[in-house]
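Derivation of every value follows stated rules applied to the coordinates shown; laboratory data play no part. Just so you know, these numbers come straight off a predicted model, no measurement behind them. In this analysis, Cβ positions are derived from the backbone assuming ideal geometry, glycine residues included, and neighbour counts consider all displayed protein chains.
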Amino acid sequence: MKTLTSYIKKHINSRINKSISRRYFMACLGTLTLGATFLPNSAHGCHQNVYEGLTVRLPASLSDSADNILPGNRLPSTASSSVWVFDLNYTSECEENYIRSITLEPYGKVVSGVTYTDGGQTYPVYETEVPGIGYAFGWSLSPNGPWNPAKPGKTEIFSGSSSWQAVQHRVTLVVTGRLATGRYTISKRAVSAMTARFGNGTSTPTRYGFFAGAGTLNVTTRGCKVTSGATNAVALPSLVLNSLKSVGAVSNASASFSITVNCDPNVGLHATLTDASNPANTSNTLTLSGNSTATGVGIQMFRPGETTALGLGPDSSAKGNTNQWYVGSTSASGGTLNVPIVAKYVKTLPVIKPGSVSARSTITFSYQ
C-alpha cells in the first residue's frame, strides 16, 4: 500500500506540475519559458526522473520597417520554443541530503553593445543565427518571480538547505540590429547548464535548459531603393573672396542636387549626412579633402528654403542616429520620395586663401 501510494502521489504531482506549466506558458506570449525542479538525489531510496516537458510552438512572423525597432527592444513576436522539465523525486530517507546549492551557467555568445531591460533589471543579450535578433535569458526560483538576468559565467543561484527547489528560465527575443527580410530557423539549443549539490557532498549530473525547436521566423522588412542620384558630382560656382565678411557667413553661391528613392508602403524615410573625410564630424561643415588648396572656407549643405545647415552624423541607419532628419513618408500603397540638397560655401577662418575646394559626403537612409 505504501508503494502504491508513493506511485500515485508521484504521478499526481507530475500531472499537476505539467498542468501548471501549461497554464504558465499560455500566459507568456512574447517570452519563451523553461523549467527545472530539483529534489534530493538518489540515495537511501531516493528516485531520480528526467523527462522532456511540454513543447510549445508559437508561430513567429514579423513585418516592419527595417530600422523601426531599436536594438535592445523586445521583438513584437516570438519563435518556436520547447520546455524542459527536470524532476528528482524523493522519500523520507533522503532528508539528510537536502539541496545545499544550485549553480547556473548560460551558454551562447553575448552580443556586444546590446542589452535588454525588464523589471528594472538589465540583461545581456545572446546571439541567434537570425540577423538582427538575439535573446535575453533570465532565471527565477519561483514561477512568480522575481526574475534575474543570466549573466556569463557560473552563478550560484541558490544556497541554503531545501528538500525541494524549482528553477524557472525565461527567454525573450530581442532586436540586436537592422532586420533583414528572410525565412529563418532558430534551432534548438542549450541556453544553460545547471548543477545541484546536496548535503552528503554529491551533485546531480549537469542538466541543460533548452529553448526553441521546430519552426521558422518569417521576417518581412520594408524599405526603399535609390532610383537616381546615387552618386553626385556637385560643381559649386566660384566664390568672390570679399563676399563673406565674417566667420560663419554663408555664400549666396550654391549648387543643388537630389536623390530619388522608391519606397515600400508605410515607410518613414530618415537620412543622415556623413563627412567622408572625417566620419566622427558632427558639426555642420564638411572637412576639406586633401587635394583642396584653399583655406578658411568650407562647405555646408541645406534643405531647400532653409537657412540652418544640416548637421553631420555617423554612417548609421539606426533609429535616432546623431543629426538624423526626417525626409517624408509613403502612403499605404508606397511611392517615390525625393531628397533635394543645396551645397554652399561657409567662411571658417578670418582670412580666406584662394584656391580649389573639395569635400566629400555620404548619405545613409533609415527606414522607420
The extension gain from residue 331 to residue 61, computed as 0.36 nm times the residue separation minus the Cα-Cα distance, is 94.9 nm
Test item: Cα-centred dipole of region 224-367, Lys/Arg +1 and Asp/Glu -1 on Cβ, debye:
300
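Counting other beta carbons within 10 Å of each residue's own, what order do 330, 227, 272, 115 fall into, fewest first? List each step's numbers first, then the result.
Numbers: 330 20, 227 11, 272 23, 115 16.
The order, fewest Cβ neighbours first, is 227, 115, 330, 272.
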Residue 220 versus residue 303: modelled label distance in nm, points set 7 Å from Cα along the beta carbon direction:
3.1
I need the shape label for region 135-182. Rule: rounded when a/c is under 1.5, else prolate if a/b > b/c, else oblate, with a, b, c from the alpha carbon gyration tensor.
prolate
For region 223-347, just the Cα atoms, rotate onto the principal axes and tell me the three extents in Å, largest first.
51, 26, 25
In what sequence do 240, 110 fall when counting other Cβ within 10 Å, fewest first?
240, 110
